[in-house]
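In what follows, a single structure is set out as structure tokens and then discussed.
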Amino acid sequence: MVSTLHGAHTNVKESFCPKTDPQKERQRNTNNNLQNRMIFSFRQRQKYKKRYHLFYYLCGLFYWMKNQLCTLLLLIVSQIVMGQTGIFGIPCEDAPTVTDHEGNVYATVQFGPQCWMAENMRCMSSPSGKDWVRNPVFYQDRPVYKSYFVAIRDASYGNLYNWSAAMDLSINEYSFFHTEKQHRGICPSGWHIPSSDEWALLLESLGGSNKAGAVMKCHTSKWIKPVIAEQVSGFGAIPAGIYTEEGLRHTGNYAYFWSATTYDRQNAWGCGLFSYNSDCYNILDYKCYGRSVRCLKDEPEEQLTNSDR
């Protein structure tokens with residue numbers, strides 16, 4: 001009961017405040033805490049994400065600066081040690097040039113005990129007079145096993161030869177041909193088609209298969225966006241590509257060379273290097289495909305092992 005201003009008494013309803021349910025209050029507090037933790041966790045993740053991105057960009061910048069510094073140091077050392085020529089290979093002392101059976105003259109380059117041609121073979125006929133096909137066509141995807149060569153418009157590329165032409169073998173000989181000796185093939189007298197082991201020795205002398213490709217290339221616009229060393233070896237690899245059932249392919253990107261090492265009736269080993277990296281590897285390929293040919297000077301007879309005789 002409440003008194004009025006005039007002293008009268010009036011019945012009024014007492015206000016009612018419900019009692020707090022402890023269980024609901026605990027649940028409400030739990031939900032609030034969970035929500036606060038989620039908000040904090042989200043903000044924390046955002047903070048860590050920004051830190052991660054910053055760390056990622058800093059690592060990328062550091063890696064780029066490290067590569068630039070290493071390249072600069074390598075260039076400085078190369079300039080000091082190798083001089084200003086840009087080529088550290090030198091012509092072979094006893095054979096600075098070599099001439100094939102057609103009169104084509106080729107430069108040479110020395111790597112340790114090996115004397116290599118510094119240009120691709122470009123003869124258009126067999127030294128032994130065998131019949132060759134010029135610029136053949138693979139009809140209905142059937143390979144051409146008869147000896148052939150492909151003359152590229154630019155003579156600096158040299159020619160591409162299938163394996164039987166490179167080895168100067170007849171169609172009846174090449175399927176079962178195997179030799180451990182120095183096999184002349186289409187090379188000038190006193191020179192031979194290098195074996196896969198001889199290619200491996202060259203790559204080892206140029207820093208290994210993961211690095212040799214960068215120094216084997218030549219500085220020329222014929223390579224498309226090449227990975228190439230400032231100081232090259234003088235080997236002068238040029239991207240003549242390969243000839244297959246699809247015609248001339250990969251000119252500007254790849255350089256393929258035959259070896260004298262056969263794998264089976266249809267395949268033989270060779271060496272390949274690529275525009276986009278510094279690699280150079282022994283590669284197995286069909287004998288019917290056309291590749292470039294480099295020749296290696298014969299070792300003196302007294303240096304050959306008994307198995308090579």
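For region 221-238, enumerate the residues that are more than 23 Å from GLY112 (Cβ to Cβ) and without any contact (Cβ under 8 Å) to a residue 60 or more places away in the chain.
Hits for region 221-238 are SER221, TRP223, ILE224, LYS225, PRO226, VAL227.
Determine, yes or no, whether SER164 is over 26 Å from the mean Cα position of the chain (by Cα) and either assigned by TED's automatic domain parsing to the domain that holds ASP298 or over 25 Å from CYS92 (Cα atoms) (or both).
yes
For region 258-281, enumerate the residues that are buried (at least 24 other Cβ atoms within 10 Å of the Cβ) and either among the hydrophobic types (A, V, I, L, M, F, W, C) or at pLDDT below 90 (or both).
Correct list: TRP258, ALA260, ALA268, CYS271, LEU273, CYS280.
Quick one: count up the residues across region 282-297 that are of a type in the set (Val, Ile, Thr) and surrounded by fewer than 24 Cβ atoms within 10 Å (Cβ to Cβ).
Total meeting the criteria: 1.
Take region 219-239 and flag every residue that is under 12 Å from PHE274 (Cα atoms) and part of a loop (DSSP other than H, G, I, E, B).
Of everything in region 219-239, those that are under 12 Å from PHE274 (Cα atoms) and part of a loop (DSSP other than H, G, I, E, B) turn out to be TRP223, ILE224, LYS225, PRO226, VAL227, ILE228, ILE238, PRO239.
What single numbered condition from (1) touching a residue at least 24 places away in the same chain (Cβ under 8 Å); (2) out of contact with any Lys or Arg (no Cβ under 8 Å at 6 or more places or on another chain); (3) not in a loop (DSSP other than H, G, I, E, B) fails to hold for HIS183?
Answer for HIS183: the failing condition is (3).
Just the residues that are surrounded by 13 or more Cβ atoms within 10 Å (Cβ to Cβ), over 25 Å from the mean Cα position of the chain (by Cα) and assigned to a strand (DSSP E or B), please, taken from region 91-114.
Across region 91-114, the qualifying residues are THR97, VAL98, TYR106, ALA107.
Go through ILE171, ILE193 for me and flag whichever is in the same structural domain as LYS222 (by TED's automatic domain parsing) and surrounded by 16 or more Cβ atoms within 10 Å (Cβ to Cβ).
Answer to the check: ILE193.
Filter region 251-287 down to the residues that are in a loop (DSSP other than H, G, I, E, B) and either under 13 Å from PRO226 (Cα atoms) or not assigned by TED's automatic domain parsing to the domain that holds LYS181 (or both) and list them by number.
Listed by number, the residues that qualify are THR251, GLY252, ASN253, SER275, TYR276, ASN277, SER278, ASP279.
The values are calculated or read from the model by the stated rules, or taken from the named source; none is laboratory data. Keep in mind it's a predicted model, so treat the numbers as computed, not measured. Please note: Cβ atoms are built from the backbone with ideal geometry, for glycine as well, and neighbour counts cover all protein chains shown.
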